[in-house]
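See structure below.
The values are calculated or read from the model by the stated rules, or taken from the named source; none is laboratory data. Since the structure is predicted, the reported quantities are computational estimates derived from the model, not experimental observations. Note: ideal-geometry Cβ built from the backbone for every residue, glycine included; neighbour counts use all protein chains shown.
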Amino acid sequence: MVNDLHDTLMNFKKRYGAGRAIAAPQIGVMKRLIYMYIDEPKVFINPILNHRSKEMMVVWDDCMCFPDLLVKVERHKTCRICYRDLDWCDHEMNLEGDLSELLQHEYDHLEGILAVSRAIDRHSFALRSQKKFIDRAYSR
Ligand SMILES: [Zn+2]
């Protein structure tokens, strides 16, 4: 299954130039497993997200399930993930910024939640082709 997740992620990356992680339900496997590849592979088995900060951040989220769509959502600035690796050893990681956002997104997949259902309001949808415009609006 991890190999399948790896191949799917790499194919997506080749095609769209983006993609850092994937959750098992995205390839039809109903297991609580997240596969992440940033510099090196990382497997999160039966992850639990906790210590979610009260402080939130607004981000434009994307998803392999809808590659051309961006959705503005709120995510916790920091959180902690507890998980097992492939050798069934317990680990925990404190997350902030990009990683916090990414793993909240993937964790949502395990709960059957897509970023589109976390959209802040009806103006929170944009096509990737509009991204330049969004970035400009955001830097103001
Ligand atoms: Zn996704």
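Testing G28 on (1) within 15 Å of the ligand (Cβ to nearest atom); (2) among the small types (G, A, S); (3) in contact (Cβ under 8 Å) with a residue 24 or more places away in the chain, one condition comes back false. Which one is that?
(3)
Hey, any hits in the range 31-38 for a residue that's within 16 Å of the ligand (Cβ to nearest atom), part of a loop (DSSP other than H, G, I, E, B), at pLDDT below 95 and crowded, with 16+ Cβ neighbours inside 10 Å?
no
Just checking, how many residues over the range 1-30 are part of a loop (DSSP other than H, G, I, E, B) and of a type in the set (A, V, I, L, M, F, W, C)?
Number of matching residues: 4.
Could you check, for the range 44-51, whether at least one of its residues is at negative phi, touching a residue at least 24 places away in the same chain (Cβ under 8 Å), part of a loop (DSSP other than H, G, I, E, B) and not aliphatic (A, V, I, L, M)? Steps first, please.
Pass one, the range 44-51, residues at negative phi: 44-45, 47-50.
In the following step, the residues that additionally are touching a residue at least 24 places away in the same chain (Cβ under 8 Å) were identified as 44-45, 47-50.
Then drop every residue that is not part of a loop (DSSP other than H, G, I, E, B), which leaves none.
Within the range 44-51, not a single residue is at negative phi, touching a residue at least 24 places away in the same chain (Cβ under 8 Å), part of a loop (DSSP other than H, G, I, E, B) and not aliphatic (A, V, I, L, M).
Only one of (1) modelled with pLDDT of 95 or more; (2) surrounded by 19 or more Cβ atoms within 10 Å (Cβ to Cβ); (3) not hydrophobic (A, V, I, L, M, F, W, C) is not met by D62, so which one is it?
For D62, the failing item is (1).
Is there a residue being of a type in the set (V, I, T), under 21 Å from K13 (Cα atoms) and touching a helix residue (DSSP H, G or I) at 6+ places or on another chain (Cβ under 6 Å) anywhere in the range 69-77? Lay out the reasoning, then the answer.
Pass one, the range 69-77, residues of a type in the set (V, I, T): 71, 73.
Okay, now just the ones that are also under 21 Å from K13 (Cα atoms), so 71.
Those left that are additionally touching a helix residue (DSSP H, G or I) at 6+ places or on another chain (Cβ under 6 Å): 71.
Yes, because at least one residue in the range 69-77 is of a type in the set (V, I, T), under 21 Å from K13 (Cα atoms) and touching a helix residue (DSSP H, G or I) at 6+ places or on another chain (Cβ under 6 Å).
Residues that are within 16 Å of the ligand (Cβ to nearest atom) and touching a Ser or Thr at 6+ places or on another chain (Cβ under 9 Å): which strands (runs of 3 or more DSSP E) entirely in the range 63-107 hold 3 or more of them? Break it down into steps so the answer makes sense when it comes.
On the way: elements: 69-76, 78-84, 90-96.
Filter on the range 63-107 gives 69-76.
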